[in-house]
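Taking it in order: structure first as structure tokens, then the write-up.
Just so it is clear, none of the values below were taken in a lab; they were calculated from the coordinates. If you're wondering where the values come from, they're calculated on a predicted model, not measured in any experiment. We place every Cβ from the backbone using ideal geometry, glycine too, and count neighbours over all the protein chains shown.
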């Protein structure tokens, strides 16, 4: 009752004070724990010119100025096309989704594309003229497709948004180790059609890994193999000497799968000639010497690698299933029964459930040295993926861009990778030790929620996350869980980091005309080489009689033209 009798002047002063408090007290970066309201991003304010310069760049009346949150002045629907992650329960109810909606004032409406053929489904929608989601995330299309759809107007160029409205993306360009990140996401026509997913991480750069059953080695009194000859003898012992001690000849000495970096064939080839193939990507294999492009798969060393792998199959040492089984099937094989079945397997991840104790039997197998002294491992430089695209059907492109820009912040990168702060991860204490401290990376985060498990806290990385060197590698050891999968990967990486090539191909930016010339050739070459590789190794093609016809078919497909056009594009990209 006393408040109702206050004078009008005092009431005005109170309202003015509260209004000022709202603007000065709720500052925070996107995704921070600041209260929802019109908050200014300190990163923008510290740039020196404030928000007044960029506020005039906003043309959509529902969108707040750059660096001001929430993004939208009124509740706004934004449709997002996302590639389904097998580890995400429900995007609608996901904790990260609600976190993003809270700080954007958006209602995220999802169009979920199936994991296995997401890009094909999207291509059908584009070609049929079906209305597209306003935002696409997680598709990771190659530069050829990005330029193709961008030049057709299907994807919007983001250059002026980045320059005029970008806050977090500008910060990301400055904080990553690769200072040419903006150039790496620029198409050959000078336009930028996506915000990148970009992670600088040693485990990803050296992810073509193999794992050997150390328990079997110990039981059979065998040393860790270091050469292909020694490897052959170990596999024969696994085949013949019953290391799982069940009085059955049921051991599978060596296998892999069509999972992330799971190609046993490509791992084998690196003991004969450099092979940078990635199982889940449709990409050409490259050799590079003194800036000149070449390919490995028409060389005598490639044939020698195929011959060795074929011998392993003939001897019952390498399972032909390595060319067909997927990640789920490989995991089932590794975890099957009450005794181990597999001696060696290939894969970038560990492919065991988080609580499966059988993983303790396995240790990293260092790269093998071949008969000519060759000992490579594939090196995958940190490169941006096209993970955030605004389509021609965006009703509020400025709002869509500001959403993508906010997701590029360091804060949301941690939440999208690790989940809810204080629940799914925490800051390290003085006694926490980093997984990669031996490589110079101090701990910055202690994960609690295991990566790769089915969860509803984050999007499993399916966003335009930018994480500089030392972030992923700054994970702390989970000392309470010896089954923690990252421990095994961290143990493996040091064995591989000294075996990359002296020169490597990172990105090649083709023009629209060059894309038209080489796109079909590249796809045909990749398909033909992969199929022939499997057929030669399994014995469906005979190396002695079919090698020359194989080389002629490469020429017929257009290998020479592919190399010529690619060399021109590579030279322009790296001038």
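Observations, loosely collected:
- 136, 543, 525 arranged by Cβ crowding within 10 Å, fewest neighbours leading: 543, 525, 136
- Modelled label positions at residue 93 and residue 426, each set 7 Å beyond Cα in the direction of Cβ, lie 2.7 nm from each other.
- Based on C-alpha pairs under 8 angstrom that are at least 6 apart in sequence, the chain has a relative contact order of 20 percent.
- Judged by the ratio a/c of the largest to the smallest principal axis of the C-alpha gyration tensor, segment 317-476 counts as prolate, that ratio being 1.5 or greater while a/b is larger than b/c.
- Ordering of 290-300, 482-492 by packing is 482-492, 290-300, highest average first (other Cβ atoms within 10 Å, averaged per residue).
- Contact order relative to length of segment 207-378, as percent, for alpha carbon pairs under 8 angstrom and 6 or more apart: 41 percent
- Principal-axis analysis of the Cα atoms of the chain puts helix 485-496 at an angle of about 60° to the longest axis.
- Report summary: the helix-based calculation at 222 nm, which adds -39500 (n - 2.57) for every DSSP H run with n ≥ 4 and divides by the residues of the chain, gives -11000 deg cm²/dmol.
- Rounded to 10°, Cα long-axis angle of helix 300-314 versus longest principal axis of the chain: 80 degrees
- Extension gain, residue 128 back to residue 289 (0.36 nm per residue minus Cα-Cα distance, nm): 53.6 nm
- If the chain linking residue 503 and residue 393 were pulled fully straight, counting 0.36 nm for each residue of separation and taking away their Cα-Cα distance, it would gain 35.4 nm.
- Approximate shape of segment 207-378 as ellipsoid semi-axes (Cα gyration tensor, √5λ), whole Å, largest first: 28, 18, 13
- Ellipsoid semi-axes in whole angstrom, largest first, where each is sqrt(5λ) of the Cα gyration tensor of the chain: 47, 30, 20
- Residue order, fewest to most beta carbons within 10 Å, for 423, 313, 466: 423, 313, 466
- Degrees, to the nearest 10: 559-573 long Cα axis against longest axis of the chain: 40 degrees
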